[in-house]
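Report on the structure given below.
The values are calculated or read from the model by the stated rules, or taken from the named source; none is laboratory data. Given the structure is predicted, the values throughout are model-derived calculations rather than measurements. Neighbour counts run over all protein chains shown; Cβ positions are idealised from the backbone, glycine included.
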Amino acid sequence: MALFMTFIMSFAITFLNLGFIDTFIYMWITAFYKAFFIAFPIVFFVAPFVTKLVDFLIKKD
């Protein structure tokens, strides 16, 4: 999940900030790997909490 999210979001943000310039691919991949190393631990630690929260909120009695 973190891989696909950061891949797409880093592309979108890089494009919005820079447009298609000569170094776009380099800038995008640089942004991607930096974002991935931040997003992966967040998803790893936050996902169990979010799962429990969603289970609590949609619990059917």
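Conditions (1) loosely packed, with under 11 Cβ neighbours inside 10 Å; (2) not in a helix (DSSP H, G or I), marked per residue:
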site: 3; (1), (2): no, no
site: 6; (1), (2): no, no
site: 21; (1), (2): no, yes
site: 29; (1), (2): no, no
site: 32; (1), (2): no, no
site: 42; (1), (2): yes, no
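Taken over the range 8-19, the criterion of being part of a helix (DSSP H, G or I) and out of contact with any Phe, Trp or Tyr (no Cβ under 7 Å at 6 or more places or on another chain) is satisfied by 8, 9, 12, 13, 15, 16, 17.
Among the residues examined, residue 51 does not qualify as assigned to a helix (DSSP H, G or I), surrounded by 11 or more Cβ atoms within 10 Å (Cβ to Cβ), out of contact with any Cys (no Cβ under 6 Å at 6 or more places or on another chain) and among the polar types (S, T, N, Q). Within the range 30-45, restricting attention to residues that are within 13 Å of residue 8 (Cα to Cα) and of a type outside the set (Ser, Thr, Tyr), which residue is modelled with the lowest pLDDT? The selected residue is 39. Restricting the first residue to the range 35-54 and requiring it to be touching a residue at least 12 places away in the same chain (Cβ under 8 Å), which pairs with a second residue that is surrounded by 11 or more Cβ atoms within 10 Å (Cβ to Cβ) meet a Cβ separation below 6 Å and a spacing of at least six or different chains? Every condition considered, the pairs that remain are 35/6; 35/10; 36/6; 39/2; 39/6; 40/2; 43/2.
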